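No lab work stands behind these numbers, since they all come straight from the coordinates. Bear in mind the structure is a predicted one, so any value in this text is a computation, not a measurement. Glycine gets a Cβ as well: all are built from the backbone with ideal geometry, and neighbour counts include every protein chain shown.
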Amino acid sequence: RKIGPMSIRLNEDQNSVLSLLVRSAEGAAIEDLAASTGRDQSVVMAVLTEAESRKWVEIETRPRDQIVPGARAADAVEGRLPERLVLPAIVEGGRLAMASLVALAKERGLVVSEIVKWGGARGWFGRDKGDLVASPEAKAALEGRDADERALELATKGEAPVYVDDLPASGIDAARAEKLLKSRPDVAKIKSRNLRRARLTPGELWRIDRH
């Protein structure tokens, strides 16, 4: 209930949702409130919409880009994307003739056009007289994973959604990860979401009592 000129008796849903907001100075995302209270998001939003109309809470909406793993996300996480599978052969000799690449791709069941396209997009190799030539970045790529691969590891290891703006906190280049993922829907999609967050109206004093 609100401590002030009057007290307000809350129903069970209101009590559950608003109790969490009382304990969170920075507020909470709608999906987090739903998960914590065990209530459907539509129920949480109904509570908050009414509370907002009474000026008890403020609801903020902001767009965020979510990383949604695709059917081949595991290939990226486990280092099985075509351009990565042929990378050692290209780095070993510094270059690889196209005929050798075709033979290698056939042996491993890979698509040559994917290798050339995505290896080039990553800056791992270029073309010279029909050969693929390893770049200075190619050797470093052998020793670590690229930004998109690391981003997908985060996006696939838990149930919580992962957003592009979450990546820097894990030391991942968000701009590079987004660039590499946005045109590869079989690996992942970047989907714009409007995320809503609620908090108690500043300056108000609240106490939630159980009845």
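If you go through segment 146-168 one residue at a time, do you hit one that is out of contact with any Ser or Thr (no Cβ under 9 Å at 6 or more places or on another chain), free of Cβ contacts under 8 Å to residues at least 60 places away in the same chain and closer than 27 Å to Ala89 by Cα?
Yes, segment 146-168 contains a residue that is out of contact with any Ser or Thr (no Cβ under 9 Å at 6 or more places or on another chain), free of Cβ contacts under 8 Å to residues at least 60 places away in the same chain and closer than 27 Å to Ala89 by Cα.
Just checking, how many residues over segment 86-122 are surrounded by 14 or more Cβ atoms within 10 Å (Cβ to Cβ) and not acidic (Asp, Glu)?
Number satisfying all stated conditions: 21.
Taking Ile59 as meeting all but one of (1) surrounded by fewer than 18 Cβ atoms within 10 Å (Cβ to Cβ); (2) hydrophobic (A, V, I, L, M, F, W, C); (3) farther than 30 Å from Leu200 by Cα; (4) in contact with a strand residue (DSSP E or B) (Cβ under 9 Å, 6 or more places away or on another chain), write down the number of the exception.
Exception for Ile59: condition (3).
What is the residue count in segment 75-114 for residues that are in contact with a helix residue (DSSP H, G or I) (Cβ under 7 Å, 6 or more places away or on another chain) and of a type in the set (Lys, Arg)?
1
Would you mind listing the helices (runs of 4 or more DSSP H) fully within segment 1-112 where at least 3 residues are hydroxyl-bearing (Ser, Thr, Tyr)?
Because the criterion is at least 3 residues that are hydroxyl-bearing (Ser, Thr, Tyr), the helices (runs of 4 or more DSSP H) in segment 1-112 that meet it are 41-53.
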